Amino acid sequence: MEIGTVMPKTGKPRRPGTKPYCFVSYSSREPHVNILFPCLWIALSPSFDLRLTPSALESGASQRTQIHELIAECAFAVVVLDGLRPNVTYEYGLLDAHNKPVILLEEKSATVDIKSLIGDAVSLAIAPPPLNVDSQFSDVKDVNHVEWSRSDPAGAVKTILQEYRKKKSRIKGYVDIEEPKLWV
């Protein structure tokens, strides 16, 4: 191992010169979340890499183990509650257990993805209810979350950076990131 190599908790060395990263937890069943990814990249990429599943996962290896490692080694995380999927609540629980700083986001018109839990039956006549963290994810109702809007990417970038700055004392590798001048 080279001098200056950072040794994460898993024992795998991080290459010198690589940036710390932000783990992003989200539901891939929520198509509007794809709008948020470029916003995260614009806001955070000057100083942090982004790790999203499944693209951050290695084929032929345990998905669960890799997610645990990604969470254990991240500097902080962004959790997108939209859809309120089990994978997102599980990953949020792991982040909490590792005491990782989290930016908790909810899109203004987010709903609960009921069909993912009971199947996508064509005859299912239940409309997805609006996401209400206080009642549907009540274990974290005392944890503040912020709204973002799919129709306002510049506002989403601003919100991400504002929330990032609030976690200055908790994010390992924190650096001041200047707000980009978007759509001026």
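The values are calculated or read from the model by the stated rules, or taken from the named source; none is laboratory data. What you are looking at is a predicted structure, and each value in this text was computed from that prediction instead of being measured. Positions of Cβ are backbone-derived with ideal geometry, glycine not excepted, and every protein chain shown enters the neighbour counts.
Residues that are surrounded by 13 or more Cβ atoms within 10 Å (Cβ to Cβ) and modelled with pLDDT of 90 or more were ranked within the stretch 168-184; the one that is farthest from Ser47 (Cα to Cα) is Arg170.
Considering the conditions (1) at pLDDT below 90; (2) part of a helix (DSSP H, G or I), Ile126 is excluded by exactly one of them, (2).
Residue selection: Ser55 satisfies the criterion of being modelled with pLDDT under 90 and over 22 Å from Asp134 (Cβ atoms). Filtering the stretch 78-104 to residues that are closer than 16 Å to Leu50 by Cα and part of a strand (DSSP E or B) leaves Val78, Val79, Val80, Val102, Ile103, Leu104.
Out of the stretch 35-55, which residues are surrounded by 16 or more Cβ atoms within 10 Å (Cβ to Cβ) and in contact with a helix residue (DSSP H, G or I) (Cβ under 8 Å, 6 or more places away or on another chain)? Listed by number, the residues that qualify are Ile35, Leu36, Cys39, Leu40, Ile42, Ala43, Leu44, Leu50, Arg51, Leu52, Thr53.
Just one of the listed residues (Ser109, Ser59, Ser116, Ser27) is part of a helix (DSSP H, G or I) and over 23 Å from Ser169 (Cβ atoms), namely Ser116. Does the stretch 40-53 include one or more residues that are out of contact with any strand residue (DSSP E or B) (no Cβ under 9 Å at 6 or more places or on another chain), more than 21 Å from Ile177 (Cα to Cα) and not in a loop (DSSP other than H, G, I, E, B)? There is no residue in the stretch 40-53 that is out of contact with any strand residue (DSSP E or B) (no Cβ under 9 Å at 6 or more places or on another chain), more than 21 Å from Ile177 (Cα to Cα) and not in a loop (DSSP other than H, G, I, E, B).
For the stretch 143-160, a residue qualifies if it is surrounded by fewer than 17 Cβ atoms within 10 Å (Cβ to Cβ) and modelled with pLDDT of 90 or more, and the qualifying residues are Ser149, Ser151, Asp152, Ala154, Gly155.
Restricting the stretch 62-77 to residues that are farther than 26 Å from Tyr174 by Cα and either in a strand (DSSP E or B) or of a type in the set (S, T, N, Q) (or both), the residue that is farthest from the chain's Cα centre (by Cα) is Ser62.
Filtered by the rule that a residue be crowded, with 18+ Cβ neighbours inside 10 Å, of a type in the set (A, V, I, L, M) and in contact (Cβ under 8 Å) with a residue 60 or more places away in the chain, the stretch 56-84 gives Ala75, Val78, Leu81.
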